[in-house]
Every structure is written in C-alpha cells, then in structure tokens.
Amino acid sequence: MKTLLISMCFIVAMWAKACWWEGENEIEDVIPLCWIDSASQLIRWPNCSSATEISRLFQQKSQPATDWLAFKLIKIKTTSG
C-alpha cells in the first residue's frame, strides 16, 4: 500500500527555473525542462525571431531541434510539474 501511495504522488517535472549565460548577460527564467541538456550543461533556445513561434514551442514544450541556439547553464534553481 505504501508503494502505491508513493507512486501516485510522484510528479514528473515539466518546467525549470534556471540561470544561464547569453554572452556576458546572466539570464534567469522559467523554461521547459526538456530545453536543458544537463549532461552538457547547456540551455537550448529556439533559433527563430518570431515571438509567436517561440511562445508556441514553449507552450508545447517542444523537444529542441538541432538548429536551436545553445547557452551555458549556470544552474537549475527549481523544477515543477
């Protein structure tokens, strides 16, 4: 019974509040967790200038494409589901 309760309470994180470098600027924002590559310590960001397109990708939590920009991750402050 205890195992069942723990399993039911498990929450998969979908969002992260993170800090990263964009050039010399330190950025802090909430982004989809899938946009963070923890292994290489990089943040991926859509390579498009349309705010509408970025918003769509953000809301859909789209997986990063190979042409997305990459920025150096400073740290993940928190995650949530």
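The values are calculated or read from the model by the stated rules, or taken from the named source; none is laboratory data. Quantities reported herein were computed from a predicted structural model and do not represent experimental measurements. All Cβ positions, even for glycine, are placed from backbone atoms using ideal geometry, and neighbour counts span all protein chains on display. In case anyone asks, the SASA skips ligands and DNA or RNA and just uses the protein heavy atoms, side chains included. Shrake-Rupley method; radii C 1.70, N 1.55, O 1.52, S 1.80 Å.
Worth pointing out:
- The chain: Cα Rg divided by the 2.2 N^0.38 Å rule of thumb: 1.27
- The apolar share of the surface of the chain, taken as the fraction of accessible area on carbon and sulfur atoms (1.4 Å probe, ligands and nucleic acids excluded), comes to 57 percent.
- Extension gain for SER62-GLU22 works out to 12.3 nm (0.36 nm per residue, less the C-alpha to C-alpha distance).
- Percent RCO, i.e. relative contact order, over the chain, from Cα pairs under 8 Å lying at least 6 residues apart: 41
- Given charges at beta-carbon only (K, R positive; D, E negative), |dipole| of the chain in Debye: 460
- With a simple spin-label model that places each label point 7 Å from the Cα along the Cα-to-Cβ direction, the separation between ALA13 and SER50 comes to 3.2 nm.
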